[in-house]
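Have a look at this one.
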Amino acid sequence: MQMLSKRPTYLLLLLWVACLAVCAAAVWLSMQQNWLGLRLAAVDGKVQMVSDPQQRIPQGEEVLSLRGADGTSLELDASDLIDNTDSFPSYPDKDEFFARQDALSTILVSGEVRLRWIAQDGSERVAAVIPQPRVLGSISTMFWFTLAVASLCFLIACWVFLLRPQEWGTRIFALTGIPLLIGSVTSAMISERALAMDAHWLLMLDRINSLAGVSLGATLVALFMSYPRMLFAPKFTLWLPAIYLPWWLADQFRLLPAPDWGVMAAILSELVLASVFAMMQWRRTSNQPLERAAIRWFIISVLLGCSLFAFTNIIPRLFGHPDLLIQGYAIGFFLIMYIGIALGLGRYRLFDMDEWAYRVLLWVAGATLVLVLDALLVIAGLTFGISFGVSLLLGGWLYFPLRQRLWQHMVNQRTPRFESLLPELSAIAFAAGSSAQQGYWEALLRRIYEPLELHTAQGEAGGIRDDGLGMVVPGCGELPPMYLRHAGHGARLFSSRDATFSASLTHALERMMGGRHSFEEGATQERQRIYRDLHDDMGAKLLGLAISAERANLNKEADLARSALQDLRDVVSRSTHTATPISDLLADWRMETEQRVRAAGLTLEWRFPEQDSDIVASPEAALNMSRILREAISNVLHHAQAGHLRIHTRLDDHHFSFSVEDDGIGLPERATPHRGMSGMRARAASMDATLQWRSLEPGCRVDFSVPLAALTP
Amino acid sequence: MKTALILDDVADSQIWLSQALNTAFDGLELHRSGNLAEARAWLAANSAPDIALIDLGLPDGSGVELIAELNRSAPKTLSIVASIFDDNEHLFPALRAGAQGYLLKDQPLPQIVELLKGIADGRPPLSPAIARKLLGHFQPTQQPEYEQLTKRESEVLRYIAKGMTLPETARILGISPHTISGYAKNIYRKLNISSRAEAAITARSLGII
């Protein structure tokens, strides 16, 4: 999330202050009314005393009527105590309610009020109360709760907007905060009225409340229309006020058949529209995992908030039970929704969205399952208590295994089991050559994550990048860190689970490489020890041989001793290398051949391959080829009686080859294979190479060719 | 060349090398030593020789030590490594210590003579393996506390590393054989200087100096 600069922080403070002002106004207005100082409630259609601090009327007794100081009296009715003005069966009912409220509030300001109530023994009693203006302490907890939640939602909306002011989604979300705040505050004020409120005020509150409710719905619809993708051009959002404002006005001007056709119906239609747009957003984002995760957050949080609201408020009402939770408290569920939407807009850990989404979905499904079972059992005739218990049991039995199965299917399926990857990991750790190793590693990563992009990322630490669009797999040994992007061919995001899995893969690989390294080091050390022991002795002896042969003018023997010494040098030097580039080999060969041939008095023509190349040869291959070449040259120097030597080396896409040509006496008539030739043939065969002798007029030619693949086993 | 020192623990090699030196330079005064202690004692008692052929594998140490000492105390002496092995692990330390050339003891006499004359003349040998090692040593990534190779010198090394001979390289670059030998000599000098500089840095960092 970006850091806020100074200006938005000031703006946030300003909004916070405005919000506080609204709440303070609500509190002040609520305190302006007169009240009786006691709490009444509607129970089973009767008005009952709930609490009286001054103990004038016992708790639980029915209160029948009020009588003001000016003589007007009114029979109390349960409908007077309804805590919200959302639904009335008809407009005349609504009008009557307001009229009664007006009468009641007039009584409350008239002076002494007489309450008529029924005592336990059935007699009617009268209590006299003087209504007082309210004090701060008399305001119910529910009022404070509603105000607090509404303010919090408003501030969340503003804060998210200030984080990303340039996005349409956050702008509209901020816009939803206003009707939510105003609607909640007015609703709280309506239900906080102690028995009655001046009808003038009440009507105004009712109007504002219903407008806020419709506006909230409309802005939520607009939100789903524009986040994460703008489904239509921005100007189409103007259709929403164009539809719903007249609708609200129609309700206010009583143009509709019944009040329920007004606000309730409007809100329902907005819910339907929101669902439709959510569906469209879902389909539109099938290729963008990031947006998809965001819309999931939305849907989950809205689903959660609304379903909790429905469970506690609407469904009980359908079954005829009282609300499980007073609407004032139920508004807390909107907070869940707001937090969820805020997290989605703020792109918070969207890459972990998958699992959270499934968890919530499965929870809601489980709860629904229990309730549905309960309903079925109740219909089947069981009493409420037993049916609930049985449905819980059945639900548990069915739910948990199902959840397990679904969970494994949806979430775990994507990551392969660690054990199954061990063979591939060891193949990587023990691969010969860093390019082969790199190749295997990349192939494994591609197989597991199916990324659209994969490339090296030097110097990067492992982890998730770009809200889950990318991931860096840490490097180990010679393998550099790898950057992957767009998992699952662009269909999903990388999750924390993926990051931990890849980290443990690299860790295991590192351990294996360490084992290999120790082994190779041990082998190298041992080899070096053997060679060191060998060369000191042998080197000196061969030198002695070469010197004495030289002195005795035995040129052939001297050359033989020298080439043996060169063999020894090769073995000593190659034993410390891992792989030699062909270009290095060719350079060394040339120099050695040049000196040898010159010493023997011949001329040399040496041709290098036409192109430079990065091909390397393993130590064994290098040694074998050196010896074959050396032997071929020895044969020319000792047997061919030649004057000129021509050596051509070639390198193409598949083969490395060289030829040794001389202008001497050529191959003998009877091709008796002497020890040198069979030795050369054996060496060539051991590396899958071909070796051929050909007689030229005059002279002889040896052709050697090896496939490039055989150079690095 | 008036005086020469041969340091080798094998008698045959001593004779061989003496023969080569005598053929290369007329009227040479030779001294032969079989181990480091003896050689050091002789050097302490006598003036430094004009040319020294030093074997690496000696019974009481490596010839590299003597090369380093001669480099410090008698920089005018032409130190040449005479060895069986020409691989980098053996030769490069000697070159860094200040050897101005090397020869393989098993080469035919005429070639050794030619090599000696060449080195004395300022034409040190350069093999592909040595050239590769030198290129690696003078990588610009290391701290340039010492003189780096010039562009020309790097070019020469690269051709040698590929397998061209010195004369061929001279032809390709369009310079005379004399000039290219000068480059080779300079490269060895820089190698020696760089090693001394590195040693000084190491000593400083260890707190010795």
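The values are calculated or read from the model by the stated rules, or taken from the named source; none is laboratory data. Quantities reported herein were computed from a predicted structural model and do not represent experimental measurements. As a convention, Cβ positions derive from the backbone with ideal geometry for all residues, glycine included, and neighbour counts pool all protein chains shown.
Which one of A:506, A:500 is modelled with pLDDT of 85 or more, surrounded by fewer than 14 Cβ atoms within 10 Å (Cβ to Cβ) and β-branched (Val, Ile, Thr)? It would help to see each step written out before you state the result.
On the way: A:506 fails: surrounded by fewer than 14 Cβ atoms within 10 Å (Cβ to Cβ).
Going through A:506, A:500 in turn, just one is modelled with pLDDT of 85 or more, surrounded by fewer than 14 Cβ atoms within 10 Å (Cβ to Cβ) and β-branched (Val, Ile, Thr): A:500.
May I ask you to list the residues in region B:35-85 that are within 12 Å of the chain's Cα centre (by Cα), of a type outside the set (A, V, I, L, M, F, W, C) and over 20 Å from residue B:3 (Cβ atoms)?
Selection gives B:83 alone.
In the list B:126, B:149, which residue meets the criterion of being more than 14 Å from chain A (Cβ to nearest Cβ), outside any helix (DSSP H, G or I), among the hydrophobic types (A, V, I, L, M, F, W, C) and touching a residue at least 40 places away in the same chain (Cβ under 8 Å)? Steps first, please.
Working: B:126 fails: more than 14 Å from chain A (Cβ to nearest Cβ).
Being more than 14 Å from chain A (Cβ to nearest Cβ), outside any helix (DSSP H, G or I), among the hydrophobic types (A, V, I, L, M, F, W, C) and touching a residue at least 40 places away in the same chain (Cβ under 8 Å) holds for just one of B:126, B:149, which is B:149.
Another question about this same structure. Under the condition of being at pLDDT 85 or above and among the polar types (S, T, N, Q), which residue from region A:197-236 is nearest to residue A:185 (Cα to Cα)?
It comes out as A:209.
Are any residues in region B:54-84 surrounded by 20 or more Cβ atoms within 10 Å (Cβ to Cβ) and either within 14 Å of another protein chain (Cβ to nearest Cβ) or not hydrophobic (A, V, I, L, M, F, W, C) (or both), and if so, which ones?
Answer for region B:54-84, where residues must be surrounded by 20 or more Cβ atoms within 10 Å (Cβ to Cβ) and either within 14 Å of another protein chain (Cβ to nearest Cβ) or not hydrophobic (A, V, I, L, M, F, W, C) (or both): B:55, B:56, B:58, B:63, B:77, B:79, B:82, B:83, B:84.
Now for a different question. Can residue A:80 be described as within 30 Å of residue A:257 (Cβ to Cβ), in a helix (DSSP H, G or I), charged (D, E, K, R) and touching a residue at least 40 places away in the same chain (Cβ under 8 Å)?
yes
Out of (1) crowded, with 20+ Cβ neighbours inside 10 Å; (2) not acidic (Asp, Glu); (3) not in a helix (DSSP H, G or I), what's the single condition that is false for residue A:626?
Of (1) crowded, with 20+ Cβ neighbours inside 10 Å; (2) not acidic (Asp, Glu); (3) not in a helix (DSSP H, G or I), only one is false for residue A:626: (3).
Name every residue in region A:463-487 that is part of a loop (DSSP other than H, G, I, E, B), of a type outside the set (A, V, I, L, M) and more than 23 Å from residue A:430 (Cβ to Cβ), in order of residue number. Before you say what the answer is, go through the steps one by one.
Restricting attention to region A:463-487, the residues satisfying the condition of being part of a loop (DSSP other than H, G, I, E, B) are A:469, A:474-475, A:477-478, A:480-481, A:486.
Within this subset, residues satisfying the condition of being of a type outside the set (A, V, I, L, M) are A:474-475, A:477-478, A:480-481, A:486.
Of everything in region A:463-487, just one residue is part of a loop (DSSP other than H, G, I, E, B), of a type outside the set (A, V, I, L, M) and more than 23 Å from residue A:430 (Cβ to Cβ), namely A:486.
If a residue has to be within 12 Å of another protein chain (Cβ to nearest Cβ), in contact with a strand residue (DSSP E or B) (Cβ under 6 Å, 6 or more places away or on another chain) and either of a type in the set (Gly, Ala, Ser) or in a helix (DSSP H, G or I) (or both) to count, how many in region B:91-123 make the cut?
Looking only at that region, the number is 3.
Quick check on region A:190-204. Is at least one of its residues free of Cβ contacts under 8 Å to residues at least 12 places away in the same chain and aliphatic (A, V, I, L, M)?
Yes: one or more hits.
Quick check, is residue B:160 assigned to a helix (DSSP H, G or I), touching a strand residue (DSSP E or B) at 6+ places or on another chain (Cβ under 7 Å) and modelled with pLDDT of 85 or more?
Considered against the rule, which asks whether it is assigned to a helix (DSSP H, G or I), touching a strand residue (DSSP E or B) at 6+ places or on another chain (Cβ under 7 Å) and modelled with pLDDT of 85 or more, residue B:160 comes out as no.
Assuming residue A:483 fulfils every condition listed in (1) more than 30 Å from residue A:455 (Cα to Cα); (2) out of contact with any helix residue (DSSP H, G or I) (no Cβ under 8 Å at 6 or more places or on another chain); (3) of a type outside the set (S, T, N, Q); (4) crowded, with 16+ Cβ neighbours inside 10 Å apart from one, which condition is it?
All conditions are met except number (1).
Which of (1) closer than 25 Å to residue A:434 by Cα; (2) within 14 Å of chain B (Cβ to nearest Cβ); (3) surrounded by fewer than 19 Cβ atoms within 10 Å (Cβ to Cβ); (4) modelled with pLDDT of 85 or more does residue A:657 not meet, given it meets every other one?
(2)
Out of the residues in region A:404-425 meeting the condition of being surrounded by 16 or more Cβ atoms within 10 Å (Cβ to Cβ) and at pLDDT 75 or above, tell me which one is farthest from residue A:447 (Cα to Cα).
Among those residues, the one meeting the criterion is A:425.
Here is a follow-up. If I ask for residues that are at the interface with chain B (Cβ under 9 Å from one of its Cβ atoms) and over 23 Å from residue A:645 (Cα atoms), which ones from region A:601-619 would you list?
A:612
Being within 19 Å of residue A:34 (Cα to Cα), crowded, with 18+ Cβ neighbours inside 10 Å and among the small types (Gly, Ala, Ser): is that true of residue A:105 here? Explain how you work it out, then say what you get.
Numbers: within 19 Å of residue A:34 (Cα to Cα): yes; crowded, with 18+ Cβ neighbours inside 10 Å: yes; among the small types (Gly, Ala, Ser): yes.
So residue A:105 passes the test.
To keep it simple, each residue is scored yes or no on (1) assigned to a helix (DSSP H, G or I); (2) surrounded by 12 or more Cβ atoms within 10 Å (Cβ to Cβ); (3) free of Cβ contacts under 8 Å to residues at least 40 places away in the same chain.
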site	(1), (2), (3)
A:16	yes, yes, no
A:66	no, yes, no
A:70	no, no, no
A:85	no, yes, no
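Identify the residue in region B:1-40 that is more than 14 Å from residue B:82 (Cα to Cα) and among the acidic types (Asp, Glu) and, among all such residues, is nearest to the other protein chains (Cβ to nearest Cβ).
Top of the filtered list is B:38.
If we only count helices (runs of 4 or more DSSP H) wholly inside region A:231-309, which ones have 1 or more residues that are basic (Lys, Arg)? Outline the logic, then answer.
Details: elements: A:239-252, A:263-284, A:289-309.
The qualifying helices (runs of 4 or more DSSP H) are A:263-284, A:289-309.
If you don't mind, there's one more thing I want to ask. Among residues belonging to region A:525-571 that are under 18 Å from residue B:107 (Cβ atoms) and among the hydroxyl-bearing types (Ser, Thr, Tyr), point out the one that is farthest from the other protein chains (Cβ to nearest Cβ).
A:563
Can you tell me which residue among A:211, A:205, A:152 is in a helix (DSSP H, G or I) and surrounded by fewer than 20 Cβ atoms within 10 Å (Cβ to Cβ)?
Answer to the selection: A:152.
If you don't mind, another one. Which is touching a residue at least 24 places away in the same chain (Cβ under 8 Å), farther than 21 Å from residue A:452 by Cβ and β-branched (Val, Ile, Thr), of A:506, A:500?
So the residue among A:506, A:500 that is touching a residue at least 24 places away in the same chain (Cβ under 8 Å), farther than 21 Å from residue A:452 by Cβ and β-branched (Val, Ile, Thr) is A:506.
Let me ask something else about it. Taking the criterion of being in a helix (DSSP H, G or I), within 21 Å of residue A:590 (Cβ to Cβ), within 11 Å of another protein chain (Cβ to nearest Cβ) and among the small types (Gly, Ala, Ser), would at least one residue in region B:136-144 satisfy it?
No, the conditions are met nowhere in region B:136-144.
Give A:598, A:590 a once-over and let me know the one that is within 10 Å of chain B (Cβ to nearest Cβ), of a type in the set (Lys, Arg) and more than 60 Å from the chain's Cα centre (by Cα). It would help to see each step written out before you state the result.
Working: A:590 fails: more than 60 Å from the chain's Cα centre (by Cα).
Among A:598, A:590, only A:598 is within 10 Å of chain B (Cβ to nearest Cβ), of a type in the set (Lys, Arg) and more than 60 Å from the chain's Cα centre (by Cα).
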